[in-house]
Amino acid sequence: MKKTGAWLVRFALEQIGVKYTFGIPGVHTTEIYDELEKSGLIQPVLVTHEGGGAFMADAISRTSDQTGTLLIVPAAGVTHAASGIGEAFLDGIPMLVISGGIHTASGKTYQLHEMDQHTLLAPITKKTYKIDTHEQIIPAIYEAYQIANQGEPGPVFVEVPVNLQLFPGEVSQIPEFIAEIVEQRLDHAAIQEAAQMLYAAGSPGLFLGWGAVDASEESISIAEFLNAPVATTLQGLSSFPADNPLHTGMSFGPAAVPAAENAFKNCDCMLAVGTRFGEIGTASYGVNPPANLIHIDINKKVFNANYPAAITIEGDAKAVLKELFKCLHALGKPKPDNDVLKTAISRDKAAYLDEWFRHDSNDRVNPARFFTELRKQLDSDAIVVADDGNHTFLAAELMPIYSPRGFISPTDFNCMGYCTPAVTAAKLVNPDKQVVGIIGDGAFLMTCMETLTASSMGLGGVYFVFSDGELSQISQAQEIPYNRKTCTVLPDIKIKGIADATDCEFILIEDNTACAGGIKRALSIAAENRPVIVDVKIDYSKRTRFTKGIVKTNLERFSMGNKARFISRALLRRVI
Ligand SMILES: Cc1ncc(C[n+]2csc(CCOP(=O)(O)OP(=O)(O)O)c2C)c(N)n1
Ligand SMILES: [Mg+2]
């Protein structure tokens, strides 16, 4: 039978359950876009920039069971989208990237949008496909979808040349999609050994990354059985509920919140799940896990990469932890819960919060007051999205997260501009949940136009812009060594003007007294499906534990000579 390539793409995307595609059409994709217009199952979403589109596809994958999908033009669309594809790749997020391709039978070169997209995308995708025939389209898309979701998830790219899309070609069959079930083989001996090591430990602890996000029930059972404290990475913040008394907070080393730092001081056996011990997750490799490190991950490449592990277990976190809990149970009674640990955790958390409350924010919004009020008003299953900057670490330290996948942020690729599009997309696939973004003013400038996508689609996300007038995470890092802020002070921005331009509601929160009312109004407007941009005049004069911790860790690592050079330059600049 004969089918156009565009029809085959649509059929395949419908089969794998794609509900939305993100992108901007061009001459190399209009045929597919026209097909999607006919689809009752897929809605193509027009974005304002493919970079935003890629962050939107990423957020779909992080906050729903769908695989975020891009439909973009070759070259210019792909390079724009590359930031979001890179973020998904380094953060282990499934994504399907479909682009058009240049005409493969015209006999011409120097075509519009002609470039080798595969070489560009190879380092930030799990696999790329260049389609040559109509027959390949459906199987390639099915395979791309499976690869994106199997093992450690990530983006997969498929290029469909425009001539195949436009013109009918012969296909021998139109196969339906049948998901391939990959049989899990668990390493029972290693799991048994891990259970014994944990059970014998005097002070075990859990460290959870994003890879453990769908295994929080199992993590809770194990933590409670062992009466062990639980810390998370930044990306894994939602892997363990912050209202569980064993939850300590982000990280466990010198850049950790005090509850975690103290609870892990004597940790003699660590169960690390779904984390690569990457630079952000370890606060610049400032953590010091015990020799008895048990590392569980779906990707065996992460084992022993940065920290040696005593036991490594390759596999899906949920399946391995289920089995581990069974083994622990078989070893004996749960460890006694004498409340000492839990009391210390809650005392440390309260003291840290109090330290923030007592900080004088000088007529601006105190971050702890803001997040405490936000937590009070949000539902427990609300989704909090962060961007990358000082605001991210403030959120991580001061905003308790209660539900799995209830916090997402661009972590290892660390790409600013993530939050605004991600809020829009997370709201699209979670219409019944509150979705709020915490966005630095610098990051907001990069992708704020995706609030237009929200207003045009009637999506009530709340965009809290932390207006401090600086690229603060960097300007803070410049302060001591350079004593000047080269290129990190932002020009004056009228956030309200952006809200007007994109047809969003606007709220100003100028000081602590405006927090409760401003947040309440924002959430109630959003509940009516109207996006709201909130200009929060935040106070950044108090540093996070994370920032203080990484500065210390990095400085300590400098050689004596370099330390002296940096310190003398800093002193000299202060004198001059
Ligand atoms: C695309 C990109 N460019 C630059 C950086 C470097 N960077 C990391 S955090 C940061 C500051 C972000 O400023 P803002 O969005 O205002 O957040 P704040 O730190 O002030 O909360 C910068 C410039 C980055 N991570 N990503
Ligand atoms: Mg800022």
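Coordinate-derived values only; no laboratory data. Predicted model only: the values in this text are computed from it and were never measured. Every residue, glycine among them, receives a Cβ derived from its backbone with ideal geometry; neighbour counts consider all protein chains shown.
Annotations
- Here the average projected area of the convex hull drawn through the C-alpha atoms of the range 1-146 stands at 8.4 nm².
- A crude spin-label estimate for the pair residue 104 and residue 172, with each label 7 Å from Cα along the Cβ direction, gives 1.8 nm.
- Helix axis angle, 216-226 relative to the chain longest principal axis, alpha carbon, degrees: 20
- Of 265/376; 127/301; 494/542; 3/38; 322/349, pairs whose Cα-Cα distance is over 22 Å: 265/376; 494/542; 322/349
- Ranking of 523, 508 by count of other Cβ atoms within 10 Å, fewest first: 508, 523
- Formal net charge of residues neighbouring residue 205 (Cβ-Cβ distance under 12 Å; K, R +1; D, E -1): -1
- Other-chain or far-sequence residues with amide H under 5 Å of residue 42's (modelled H): none
- Both radii are taken from the alpha-carbon atoms of the range 449-576; with Rh as the Kirkwood radius, Rg/Rh is 1.14.
- Area projected by the alpha carbon convex hull of the range 476-519, averaged over all directions, nm²: 5.0
- Euclidean distance of C-alpha centroids, the range 421-448 and the range 376-410, integer Å: 12
- The angle separating the long axis of helix 560-575 from the principal Cα axis of greatest extent in the chain is about 80 degrees.
- Note on the chain: dipole from Cβ charges, positive end direction compared against 219, 283, 74; the farthest Cα belongs to 283.
- Expressed in units of 2.2 N^0.38 Å, where N is the residue count, the Cα radius of gyration of the range 272-346 is 1.30.
- Computed over the range 502-576, Kirkwood Rh from alpha-carbon pairs, angstrom: 16.4
- Modelled label positions at residue 132 and residue 566, each set 7 Å beyond Cα in the direction of Cβ, lie 5.3 nm from each other.
- Ordering of 14-21, 443-450, 50-57 by packing [mean C-beta count within 10 Å, highest first]: 50-57, 443-450, 14-21
- Comparing the range 218-373 with the 2.2 N^0.38 Å rule of thumb, its C-alpha radius of gyration ratio is 1.12 (two decimals).
- Placing +1 on the Cβ of every Lys and Arg and -1 on the Cβ of every Asp and Glu, with no other charges, gives the chain a dipole of roughly 1640 debye about its Cα centre.
- Entry for the range 233-317 at q = 0.12, 0.17, 0.19, 0.21 Å⁻¹: log10 I(q)/I(0) = -0.33, -0.68, -0.86, -1.06, Debye formula applied to identical alpha-carbon scatterers, no solvent contribution.
- Computed log₁₀ I(q)/I(0) - Debye formula, equal Cα scatterers, no solvent, the range 1-79, q 0.20, 0.21 Å⁻¹: -0.86, -0.94
- Per-selection Rg to Rh, the range 105-255 - Cα, Kirkwood hydrodynamic radius: 1.18
- Scalar couplings 3J(HN,Hα) for the range 261-275, obtained by applying the Karplus form with A = 6.51, B = -1.76, C = 1.60 to θ = phi - 60°, are 4, 6, 5, 9, 4, 9, 4, 10, 7, 10, 9, 9, 10, x, 10 Hz; x denotes Gly and Pro.
- Computed from the alpha carbon atoms alone, the convex hull of the range 316-384 holds 146 Å³ per residue.
- At 1.567 mPa s and 4 °C, Stokes D of the chain from Kirkwood alpha-carbon radius, µm² per second: 52
- Under 20 Å from the residue 343 label point (7 Å along Cα→beta-carbon), backbone N, the range 244-265: 244-248, 258-265
- Centre separation in Å (Cα based) which lies between the range 137-194 and the range 510-576: 42
- Compactness of the range 357-420 as Cα Rg over 2.2 N^0.38 Å, two decimals: 1.18
- Based on DSSP H segments of at least four residues, each scored -39500 (n - 2.57), the chain has a per-residue ellipticity at 222 nm of -13000 deg cm²/dmol.
- Note on 67, 488: ascending count of other Cβ atoms within 10 Å places them as 488, 67, the fewest first.
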